[in-house]
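**Student:** Dumping the structure here so I can ask a few things about it.
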Amino acid sequence: MNNDELSLALDMLEKEKGISKKAIIEAIELSLQAACKNHFGSSDNVRVSMNPDTAQFSLLADKTVVEEVTDPNTQISLDDARAMDASYGLGDIVQVPIDSRSFSRIAAQNAKGVIVQKIREEERKILYEEYYSMAKQVVSGVVEKDTGRALIVNLGKVDGYLSESEQIKGEKILPNQRIKVYVVEVKDNPKGPKVMLSRTHPELVRRLFFDEVSELREGIVEIKAISREAGSRTKMAVLSHDEDVDAVGACVGLNGSRVNAIVEELRGEKIDIINYDENPAYLIENALSPAKVIAVIADQDSRDALVIVPDNQLSLAIGKEGQNARLAAKLTNYKIDIKSESQAQEQGIFDEMGIDYHGEAESYDEGEYPEEASEETEEE
């Protein structure tokens, strides 16, 4: 390969693989240095340089002018030095060109290996930087195979790993199926970046809504909190920064178009969208939706909350296997104790808390509440 062909090859590597010409030139220089060391036993006195524009390289050995040569790798006779330049004298340093064609086959192979290794390192570095920027984002990929322990998802230039623990329980994902996944982490690996994926992460829901709802991307509406039990139900608290924009309505969309698109992507997972409120009592009341609430007594210091609901709303407030209360606790970051209206009256809670209750729903944010609990859910 002549210099022009080499220069063209370097340009193609830079254009097609994104590997800078500078990095390849450094690799070539290192390979020539290694070849010299392999061929001569040492390369301490060797200088390698390459012109980035012409791809022409020079390989020079610094040799000391001596009367009698005992080490031809580092010394040159006075006669040979003066044949190059008559001004040289004993003790001078002469830069002697090295003919790389004189290298042994092994030295040449080692030099080639250095270049190939450098190209691979640069490719891995470029890929890692490209996919590292995708961390904490949602990406789309095609399922290639199921190893039993993880699904291998083709993300384009690299494969992602969707482990069994990050898959939605009961969800059937088949090879060649395109899915959206949350990038949990991108690990640097000698074989290339290892991209860890999730279908269960709460942030998957957040990012899916960002893609679907323009008001979120514009900052008009904000997602304040999310609690999720993947494959079953998600609760999401939203806040509008524009009094003319309904936060819940913006996320639901016309005729439910926006939220339904996300429900479809999550294979039917139910999504409750509620209004966020700085008052923890109102927030807890909203979080327990669709159940109706009579009263909420929230202690901001202990993060405990007592909720009283109508008798016919108790099972709805708690939810199947405690799910509604559990998600509400995660969403609000409060330990929630739910009691029915009858239980509250029997235990004298209304009187103890100074609540003059006559059957109308109220919300409170004060004091502590009794330690007895009929149904209790703690944030996990």
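The values are calculated or read from the model by the stated rules, or taken from the named source; none is laboratory data. As the structure is a computational prediction, the values presented were derived from the model and not from experiment. Positions of Cβ are generated from backbone atoms using ideal geometry, with glycine treated the same way; all protein chains shown enter the neighbour counts.
**Student:** Just one of the numbered conditions (1) closer than 29 Å to P310 by Cα; (2) in contact with a helix residue (DSSP H, G or I) (Cβ under 8 Å, 6 or more places away or on another chain) is not true of V221; which one?
**Tutor:** The failed condition is (1).
**Student:** Please give the number of the condition E203 fails out of (1) touching a residue at least 24 places away in the same chain (Cβ under 8 Å); (2) surrounded by fewer than 20 Cβ atoms within 10 Å (Cβ to Cβ); (3) touching a helix residue (DSSP H, G or I) at 6+ places or on another chain (Cβ under 7 Å); (4) within 27 Å of G160 (Cα to Cα).
**Tutor:** (3)
**Student:** Now for a different question. All but one of (1) at pLDDT below 90; (2) out of contact with any Leu (no Cβ under 9 Å at 6 or more places or on another chain) hold for N154; which doesn't?
**Tutor:** (1)
**Student:** Please list, ordered by first then second residue, the pairs with beta carbon atoms under 8 Å, 6 or more apart or interchain, first in region 233-247 and without any contact (Cβ under 8 Å) to a residue 12 or more places away in the chain, second part of a strand (DSSP E or B) and among the polar types (S, T, N, Q).
**Tutor:** Sorted first by the residue in region 233-247, then by its partner, the pairs are D246/S240.
**Student:** To continue, here is another question. So how many residues does region 232-247 have that are of a type outside the set (D, E) and surrounded by fewer than 18 Cβ atoms within 10 Å (Cβ to Cβ)?
**Tutor:** Adding up the residues that qualify gives 4.
**Student:** I'm trying to understand the selection: among the residues of region 177-195, which are touching a strand residue (DSSP E or B) at 6+ places or on another chain (Cβ under 6 Å) and surrounded by fewer than 19 Cβ atoms within 10 Å (Cβ to Cβ)?
**Tutor:** Q177, R178, K180, E185, K187, K194, listed by residue number.
**Student:** Report those helices (runs of 4 or more DSSP H) wholly inside region 289-361 carrying at least 1 residues which are closer than 25 Å to R206 by Cα.
**Tutor:** Correct list: 314-318, 323-332.
**Student:** In addition: For region 219-231, give me each residue that is modelled with pLDDT of 95 or more, surrounded by fewer than 20 Cβ atoms within 10 Å (Cβ to Cβ) and in a loop (DSSP other than H, G, I, E, B).
**Tutor:** If the condition is that a residue be modelled with pLDDT of 95 or more, surrounded by fewer than 20 Cβ atoms within 10 Å (Cβ to Cβ) and in a loop (DSSP other than H, G, I, E, B), then G219, I220 are the ones that fit.
**Student:** If you take the residues in region 124-156 that are among the hydrophobic types (A, V, I, L, M, F, W, C) and over 14 Å from L197 (Cα atoms), which one is surrounded by the fewest Cβ atoms within 10 Å (Cβ to Cβ)?
**Tutor:** Per the criteria, the residue is I126.
**Student:** Moving to a separate point now. Out of S49, S31, S7, which single residue is at pLDDT 70 or above and closer than 30 Å to K157 by Cα?
**Tutor:** Within the list S49, S31, S7, the selection yields S31.
**Student:** I'm told K194 meets every condition in (1) among the basic types (K, R); (2) under 19 Å from N333 (Cβ atoms); (3) assigned by TED's automatic domain parsing to the domain that holds I173 except one. Can you identify the failing condition by its number?
**Tutor:** Of the numbered conditions (1) among the basic types (K, R); (2) under 19 Å from N333 (Cβ atoms); (3) assigned by TED's automatic domain parsing to the domain that holds I173, the odd one out for K194 is (2).
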